[in-house]
Amino acid sequence: QVQLMESGGGLVQPGGSLRLSCAASGTSVSLFSIYGMNWHRQAPGKQRELVASITNGGSTNYADSVRERFTISRDNYKKAIYLQMNNLKPEDTAVYYCNRSPLVNWGQGTQVTVSS
């Protein structure tokens with residue numbers, strides 16, 4: 001069964017950047033490549049929300065709150081997706097999760113904290 005592991009979070013000042021990674025295991029390159037992948041986040045006291053999506057063909061979509069600041073990408077041969085986050089704001093503070101479309105089991109997530 002596919003498992004997802006997120007990494008790359010941390011504490012950053014407003015205006016800073018982070019690059020999140022998500023590695024998939026328990027699946028092959030060919031299987032990984034046929035699915036769309038997503039980044040979600042959950043802030044304290046809020047519901048989990050979809051932040052960015054990338055299709056198997058590489059088309060991307062973003063929540064309005066992160067458009068022009070975040071970039072999702074994928075490397076099928078590494079069975080990985082990434083989220084480049086620039087110009088971070090305190091409201092971006094959350095635990096960030098990756099997942100597939102359709103959803104599989106959630107990983108542990110990676111904490112992103114934006115604070116001065």
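The values are calculated or read from the model by the stated rules, or taken from the named source; none is laboratory data. Predicted model only: the values in this text are computed from it and were never measured. Reconstructed Cβ throughout: ideal geometry from the backbone, glycine too, with neighbour counts over all protein chains shown. To get the accessible areas, we keep the full protein, side chains included, count just its heavy atoms, and leave off ligands, DNA and RNA. Shrake-Rupley method; radii C 1.70, N 1.55, O 1.52, S 1.80 Å.
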message = Rounded, prolate or oblate for segment 57-114? Axes are the square roots of the Cα gyration tensor eigenvalues, ordered a ≥ b ≥ c, and the cut-off for rounded is a/c under 1.5.
response = oblate
task = Based on the mean of other Cβ atoms within 10 Å per residue, sort peptides 33-46, 82-95 so the most packed one is first.
result = 82-95, 33-46
query = Nearest 20 debye, what's the magnitude of the dipole of the chain about its Cα centre given +1 on Lys and Arg Cβ and -1 on Asp and Glu Cβ?
reply = 140
Spin-label pair Gln111/Gln47, simplified geometry with 7 Å Cα→Cβ offset, distance in nm = 2.5
task = Report the FRET efficiency, 1/(1 + (r/R0)^6), for Ser25 and Asn86, where r is their Cβ-Cβ distance and R0 is 25 Å, rounded to 0.05.
result = 0.30
remark   = the chain: antiparallel bridges as % of DSSP beta bridges, rounded to 5, reads 90
query = Of all the accessible heavy-atom surface of the chain, with the other protein chains kept in place and a 1.4 Å probe, what percent is carbon and sulfur?
reply = 48
